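Q: Input: one structure, supplied below.
The values are calculated or read from the model by the stated rules, or taken from the named source; none is laboratory data. Computed from a predicted model, the values in this text were never measured in an experiment. Using ideal geometry, Cβ is built from the backbone for each residue, glycine included, and neighbour counts are taken over all protein chains shown. All accessible areas refer to the heavy atoms of the entire protein, side chains included, with ligands and DNA or RNA removed. Shrake-Rupley method; radii C 1.70, N 1.55, O 1.52, S 1.80 Å.
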Amino acid sequence: MEKLDMLYRGKAKELYSTDDPDVLWVKYMDQATAGDGAKKAQIQGKGILNNRITTVLFRLLEAEGVKTHFIRRISDTEQLNEKISMFPLEIIMRNTAAGSFAKRYGIEEGTALKRPILEFCYKSDELHDPFINIDGIVALGLATEEQMAEVSRQARDINDKLTSIFDRIGVKLVDFKIEEGVNPQGQIVLADEITPDTCRLWDANAKTGTVGHLDKDLFRRDLGDIIPAYEEIYDRLAALADRE
Ligand code: C5P
């Protein structure tokens with residue numbers, strides 16, 4: 001497999017074409033951003049850890065029947081993914097009130113929710129990823145009603161499976177963001193990444209009175225170094241993958 005032109009440079013990853021039109025070459029960078037790119041830093045080692053973490057999680061989900069774009073990890077910071085047609089959507093699942101949800105409704109972070117909440121945002125840097133509902137998505141032609149029914153089903157299924165995976169390693173899955181798209185066979189599949197950059201992960205054994213952030217909120221909120229937290233997540237996930 002040969003790496004060809006750079007197609008896209010995002011906030012945390014670079015995407016390259018390859019000599020196979022159906023395969024993307026993805027490089028995880030050390031860059032961290034927050035607040036829509038307002039805060040930016042190079043954090044040595046983040047790319048390696050996120051490449052590893054998303055690899056373990058996609059493999060564990062695949063083993064439980066979730067279809068993904070993941071092909072294989074090819075180096076410390078690189079992996080091959082199936083090239084798919086992405087929905088321009090951030091698909092967010094919440095199990096506990098936190099972040100923008102807690103702020104929007106004036107609820108204390110950590111408040112339990114009576115049921116998981118599925119939200120969508122329209123991916124647009126210019127518009128700062130505004131909130132959108134399924135009517136808006138269908139009306140704008142971003143996806144069809146049938147596709148959104150399947151995306152919603154998959155998001156809830158992935159939430160159940162991920163919650164259970166994190167539970168098994170002593171971590172509370174507070175919320176997360178995924179992205180999905182349509183593969184060359186016409187199937188809707190999980191894409192992008194699942195890492196502590198895209199999930200809120202709280203240590204179930206944190207000291208009383210502390211949340212025990214093991215995710216990018218450490219960077220967003222200047223609470224400490226993310227690398228030990230990301231290493232902790234990777235080590236626990238790797239041990240789980242070895243056991244199962
Ligand atoms: O900020 P907010 O509370 O809406 O984030 C919900 C979840 O989605 C968090 O886990 C956050 O890490 C993730 N997220 C993301 N990328 C964004 C926005 C949110 O990964 N652009």
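Q: Per 0.36 nm of contour for each residue apart, how much would the distance between Glu231 and Lys207 grow if the chain were fully extended, relative to their Cα-Cα spacing?
A: Details: separation 24, 0.36 × 24 = 8.64 nm, distance 1.90 nm.
Working it through step by step, the gained length comes to 6.7 nm.
Q: Further, regarding this structure: Based on the mean of other beta carbon atoms within 10 Å per residue, what is the order of 10-22, 106-118, most packed first?
A: Details: 10-22: 15.2, 106-118: 11.3.
Taking the mean over residues of other Cβ atoms within 10 Å, the ranking is 10-22, 106-118.
Q: Moving on. Three principal axis extents, largest first, for the C-alpha atoms of region 47-184, in Å?
A: So the extents along the principal axes, rounded to whole Å, are 43, 39, 29.
Q: Express the C-alpha Rg of region 105-179 as a ratio against the empirical globular expectation 2.2 N^0.38 Å, rounded to two decimals. Intermediate values should be presented prior to the final figure.
A: Numbers: Rg = 14.6 Å, N = 75, 2.2 N^0.38 = 11.3 Å.
Dividing the Cα Rg of region 105-179 by 2.2 N^0.38 Å gives 1.28.
Q: Now for a different question. How charged is the neighbourhood of Ile84? Take every other residue with its Cβ under 11 Å from the Cβ of Ile84, and add Lys/Arg as +1 and Asp/Glu as -1. Walk me through the numbers before you get to the answer.
A: Numbers: positive: Lys67, Lys83; negative: Asp22, Glu82, Glu179, Glu180, Asp192.
Local net charge: -3.
Q: Give me the percent relative contact order of region 147-208, please, defined on Cα pairs under 8 angstrom at least 6 residues apart. Present the calculation step by step, with values, prior to reporting the outcome.
A: Details: 61 pairs, mean separation 20.2, N = 62.
Averaging sequence separation for qualifying contacts and normalising by length gives 33 percent for region 147-208.
Q: Projecting each Cα onto the charge dipole of the chain (Lys/Arg +1, Asp/Glu -1 at the beta carbon, about the Cα centre), which of Gly110, Phe87, Phe176 comes out farthest on the positive side?
A: Positive-most Cα among the choices belongs to Gly110.
Q: Oh, and also: Which residue fluctuates the most in the chain, going by a Gaussian network model with Cα springs under 10 Å, if the choices are Phe70, Phe219, Phe131?
A: Looking only at Phe70, Phe219, Phe131, the largest GNM fluctuation is found for Phe131.
Q: For Cα pairs less than 8 Å apart in space and 6+ apart in sequence, what is the mean separation divided by the residue count of the chain, i.e. the relative contact order in percent? All intermediate terms of the calculation are to be shown ahead of the outcome.
A: Numbers: 442 pairs, mean separation 42.3, N = 244.
Once divided by the residue count of the chain, the mean separation gives 17 percent.
Q: Which value does Rg/Rh take for the chain over its C-alpha atoms, Rh per Kirkwood?
A: When Rh is taken as the Kirkwood radius, the ratio is 0.94.
Q: For the chain, what does -39500 (n - 2.57) per DSSP helix run (n ≥ 4), summed and divided by total residues, give at 222 nm, in deg cm²/dmol to the nearest 500? Please report the intermediate quantities before stating the final value.
A: Details: 6 runs with 77 residues, N = 244.
My calculation for the chain gives -10000 deg cm²/dmol from helical runs alone.
Q: Shifting gears a bit: Assuming a strict under-17 Å limit between Cα atoms, what lysine pair count do you get for region 41-188 once near-sequence pairs (fewer than 8 apart, same chain) are dropped? Display every interim value, and only then the final one.
A: Values: Lys67/Lys83; Lys67/Lys161; Lys67/Lys177; Lys114/Lys172; Lys123/Lys177; Lys161/Lys172; Lys161/Lys177.
Count of close lysine pairs: 7.
Q: So what is the accessible area of region 95-244 per residue, in Å², with the probe set to 1.4 Å?
A: Details: 7510 Å² over 150 residues.
I get 50 Å² per residue for region 95-244.
Q: Over region 157-244, what is the relative contact order in percent, taking alpha-carbon pairs closer than 8 angstrom and at least six residues apart? Numbers along the way, then the final one.
A: Values: 105 pairs, mean separation 18.4, N = 88.
About 21 percent, as a whole number.
Q: Can you send over the carbon and sulfur percentage of the accessible area for the chain, probe radius 1.4 Å, protein chains only? Present the calculation step by step, with values, prior to reporting the outcome.
A: Numbers: 5820 of 11870 Å².
Carbon-and-sulfur percentage of accessible area, whole number: 49.
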